1. Could you check, for segment 232-253, whether at least one of its residues is among the small types (Gly, Ala, Ser), within 27 Å of THR3 (Cβ to Cβ), buried (at least 17 other Cβ atoms within 10 Å of the Cβ) and without any contact (Cβ under 8 Å) to a residue 60 or more places away in the chain?
2. For residues that are open to solvent by 70 Å² or more (accessible area, probe 1.4 Å) and either modelled with pLDDT under 95 or not in a loop (DSSP other than H, G, I, E, B) (or both), tally how many sit in segment 66-78.
3. Where in segment 195-283 are the helices (runs of 4 or more DSSP H), entirely inside, with at least 1 residues that are modelled with pLDDT under 95?
4. Quick one: how many residues across segment 142-153 are closer than 12 Å to ALA27 by Cα and open to solvent by less than 60 Å² (accessible area, probe 1.4 Å)?
5. Determine, yes or no, whether ASP87 is out of contact with any helix residue (DSSP H, G or I) (no Cβ under 9 Å at 6 or more places or on another chain), among the charged types (D, E, K, R), closer than 26 Å to TYR214 by Cα and in a helix (DSSP H, G or I).
6. Take the residues of segment 87-136 that are open to solvent by 30 Å² or more (accessible area, probe 1.4 Å) and among the hydroxyl-bearing types (Ser, Thr, Tyr): which is nearest to the chain's Cα centre (by Cα)?
7. Out of (1) surrounded by fewer than 18 Cβ atoms within 10 Å (Cβ to Cβ); (2) modelled with pLDDT of 95 or more; (3) part of a loop (DSSP other than H, G, I, E, B), what's the single condition that is false for SER43?
8. Go through segment 154-181 and count every residue that is hydrophobic (A, V, I, L, M, F, W, C) and surrounded by fewer than 16 Cβ atoms within 10 Å (Cβ to Cβ).
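The values are calculated or read from the model by the stated rules, or taken from the named source; none is laboratory data. These figures come from a predicted structure and were not determined experimentally. Note that each Cβ is placed from the backbone with ideal geometry, even for glycine, and that neighbours are counted across all protein chains shown. To get the accessible areas, we keep the full protein, side chains included, count just its heavy atoms, and leave off ligands, DNA and RNA. Shrake-Rupley method; radii C 1.70, N 1.55, O 1.52, S 1.80 Å.
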Amino acid sequence: MVTPASRMRRELAARIADAYVSAGADAVLLGGSTGRGEADLYSDIELGVFWRNAPTDAQRAAAIERSGGDLHRLWPYSDAERAWFDDWFVGRRDDEPKSGVAVEPVHMTVDDAQTTVDDVVLRFDPDLTKHVLLAALRDGEPLAGADVLRPWLDAAAEYSDELARAVVETHAQIDHFWRFPMYRDRGNPLQAAQMTSDVHARVLHALHAVNRVYWYGFKSLESIARRLPVAPPDLVARVRAAYHLDYDARASELATLVEETYDLVEDHVPGVDVEQLRTIFRYRRPLWDDEMPA
C-alpha cells in the first residue's frame, strides 16, 4: 500500500525527473521511502540522477530552477562515494523559501554507477554505502531512462551467497560484549546505550544478509521488518523493549537475540564460520580486584 505522503512526493518527483532530463541527465531513479511507497511527513525525495558525462554545477542548478525549487547547496564530487549530492526544496508554504519538501539527489555518471553495481554484484563488496544504490534499484521507481536503468535493475535482482557471506563477515561480528556488566557497575548508561545500538545494528546487518536484502538505512524498523521474513520472533518489539530494560535484563535479551541470529546465519548463509562468531561474542575477560594474579 502506497502512503498518501508517497503519492504526493511521487508526483513532485516525476516533475523533477523531467527537469533533470531537460538539463541533460540520462536516467532518474526514485529511491528511499518515497520510492518504496512508505513515505511519511518526515520523508524527503531521494533521487538517483545518472549522466553520461559529469554534470556541471550549472546543469544541476538549472534542473532545480526548472522545478521551481529553492537551492540550499550543491556539494562537490565525492571520490569515496563516486557521486555529487544536492540539498534543495520543492514547493513552499505561505511562499516562504525552503519551506517545501526536501529533495536530496545523488548524481552519478553512468560509468561510476556501473562500477558500483559491479562492485556489489560481481565483486561481493560489503560496503554499505554502495548497497544503498542496489536497494534503490530493487525497491525504487524508475522515472526516466529505462534503457540505462534496465541492466542495473536486472543485476540488483540477484543477491548471491557470496555477497551474503561477505556482509556477515564484515558487519555481523560482535565483540567486547563482556563490557556490558562493566557499564552496569560503573553506572554508565551512555556506553550501555551505544553498545545496545551497535549490537542491534550488527544483528540487522546479519539478517539483511540472511534474507538477501540490500541495506538502505535504519530509519524505519517497520520497513526493515517487512523485508526480513526470516528473523528471530517479535524482532522489532524486542529491539524497542531492550532500551527500557535494566542492565542485566538487557544483556540477557541482547545475548539471546544474537544467538538466535547466528542460528539463522548458520542455516541460511553458507560458508560463514559461525562458531568463530559465537566464540568472539561469548568471550568474557577475566576480572581481578585487589588480589595479585599468580
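1. So far as segment 232-253 goes, no, none of its residues is among the small types (Gly, Ala, Ser), within 27 Å of THR3 (Cβ to Cβ), buried (at least 17 other Cβ atoms within 10 Å of the Cβ) and without any contact (Cβ under 8 Å) to a residue 60 or more places away in the chain.
2. Selection size over segment 66-78: 4.
3. The qualifying helices (runs of 4 or more DSSP H) are 221-226.
4. Counting residues in segment 142-153 that are closer than 12 Å to ALA27 by Cα and open to solvent by less than 60 Å² (accessible area, probe 1.4 Å) gives 6.
5. So ASP87 fails the test.
6. Filtering first and then ranking leaves THR129.
7. For SER43, the failing item is (1).
8. Of segment 154-181, the ones hydrophobic (A, V, I, L, M, F, W, C) are 155-157, 163-164, 166-168, 172, 174, 177-178, 180.
The next check asks that each one be surrounded by fewer than 16 Cβ atoms within 10 Å (Cβ to Cβ); those that pass are 157, 178.
Residues in segment 154-181 being hydrophobic (A, V, I, L, M, F, W, C) and surrounded by fewer than 16 Cβ atoms within 10 Å (Cβ to Cβ): 2 in total.
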